[in-house]
Amino acid sequence: MALKCDLCGKGPQYGNVVSHANNTRRRRWNPNLKRVRAIVAGTHKHLRVCTACIRAGKVIKAGAARVQKAA
């Protein structure tokens, strides 16, 4: 399964680790993905979403929607 956010498409970024002696080696930074049960098109579905999308409110969580209906 690919390390990509289902909403924004954010994926791994690549670069170098540079030591004090200027030795370089390749590394990658993975997105912080969480498996979230969200409401998509009126149904509950599991999504792999980055935490930036969760904080921005781009995801309507299934449990939070239940609480809002009750209030």
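Based on Cβ point charges of +1 for Lys and Arg and -1 for Asp and Glu, what charge dipole magnitude is obtained for the chain about its Cα centre, in debye rounded to the nearest 20?
Around 140 debye, computed over the chain.
Could you provide, to the nearest whole Å², the per residue accessible area of the chain with probe 1.4 Å?
Ligands and nucleic acids excluded, the result is 79 Å² per residue.
Could you work out how far apart the two model spin labels at residue 52 and residue 13 are, taking each label as a point 7 Å from the Cα in the direction of the beta carbon, and quote it in nm?
0.7
What is the sum of charges around residue 58, taking Lys and Arg as +1, Asp and Glu as -1, for the other residues whose C-beta is under 12 Å from the C-beta of residue 58?
+2
The values are calculated or read from the model by the stated rules, or taken from the named source; none is laboratory data. As the structure is a prediction and not an experimental result, all values here were calculated from the model. Ideal geometry is used to build each Cβ from the backbone, glycine not excepted, and the neighbour counts take in all protein chains shown. Heavy atoms of the whole protein, side chains included, go into the accessibility calculation; ligands, DNA and RNA do not. Shrake-Rupley method; radii C 1.70, N 1.55, O 1.52, S 1.80 Å.
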